[in-house]
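One structure is given below, encoded as structure tokens.
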Ligand SMILES: [Zn+2]
């Protein structure tokens, strides 16, 4: 009885739509996103193992990977499987080809993919349309239905280009080095930290936090052209100045506190949330710059226009607000979960 009521509850929350081919498709947020077509069921970025015919893992950030149970055919890029393995998740049975679905680059981190289901439904996963460093942005594809991430779906989130940020931060590093003051550059251990390493590779010496070293090595093994810098050690840090690339963490963390107390290190962090004027104070860092692996507000609008779907579902971040904006622009758009804005900080 309980199971029946539970299943009925999910069925009632499903979105049903008829795509241009005449097929009826069901979409719901349930352990990730569930898409059911007459031919197959597909779990998109589930948190737990799924029994669907297919399970799609868009990329290797922790909030998008899971431990599979072998009952569902895994679809992921080979880079995602390799990066997930380096983080302790076994996605090695995954394949890039599966009937009825096609992978497209998502431009978010190395190996990140979007999924086109039966030439109708396009799921972006985390997405960036902007070229930066060793990553190419992705412009989207024409589709009937678009399920798009809207992490930064508020007009205040408009990001500067990577070269402008590199120039500003290089000036800060130069001034700091003039005073023999070391610098810590922080960003998410997978993706952002490799981009930071790549963009600032001209400085020396550069040392890596262990978590960043591990992900940098995985990138180098996958053919990304970033230099192989050494991991940091107390001995190496005695001779100043230097740069350490570290995972995103607050100025109150033991690691940052110790580098500040011992070496008077300056701390610079990189994230789209840096647009919020209070962000750097909340994080307790010296500088925060808007280098992001997601689309900014304007790029989300461009993505929707380029895909030109007849229906859009928004997920993550400002899902409700961005759906409102899309409707204002003339699109048929709704947040997938109907609950509006969800927790922001969990989306990387
Ligand atoms: Zn991500």
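The numbers here are math on the coordinates, done by the rules we state, and not lab data. Bear in mind the structure is a predicted one, so any value in this text is a computation, not a measurement. Ideal geometry is used to build each Cβ from the backbone, glycine not excepted, and the neighbour counts take in all protein chains shown.
A few notes on this one:
- Global geometry of the stretch 160-204, whether rounded, prolate or oblate, following the gyration tensor of its Cα atoms and the 1.5 cut on a/c: oblate
- Estimated [θ] at 222 nm from DSSP helical runs (n ≥ 4, -39500 (n - 2.57)) normalised by residues in the chain, nearest 500: -8500 deg cm²/dmol
- Convex hull (Cα only) mean projected area of the stretch 83-131, reported in nm² to one decimal: 4.0 nm²
- Residues of the stretch 112-129 falling in the label zone of residue 87, defined by backbone nitrogen less than 17 Å from a point 7 Å along Cα to beta-carbon, are 112-114, 125-128.
- Using a simple spin-label model with pseudo-atoms 7 Å out from Cα toward Cβ, residue 141 and residue 261 lie 5.4 nm apart.
- Alpha carbon centroid spacing (whole Å) that separates the stretch 178-216 from the stretch 52-117: 27 Å
- Rounded if a/c under 1.5, otherwise prolate or oblate - the stretch 48-124, Cα gyration tensor axes: oblate
- Shape of the stretch 193-348, Cα gyration tensor, a/c cut at 1.5: prolate
- Here residue 158 and residue 332 are evaluated by their C-beta separation; at R0 = 30 Å the FRET efficiency comes out at 0.75.
- Förster radius 30 Å - calculated FRET efficiency between residue 254 and residue 171, Cβ distance, rounded to 0.05: 0.55
- Length gained on full extension, residue 51 to residue 235: 61.2 nm, using 0.36 nm per residue less the C-alpha separation.
- Radius of gyration over Kirkwood radius for the chain, both on Cα atoms: the Rg/Rh ratio is 1.00.
- Fewest neighbouring Cβ atoms within 10 Å first, the residues 33, 243, 172, 165 line up as 172, 165, 33, 243.
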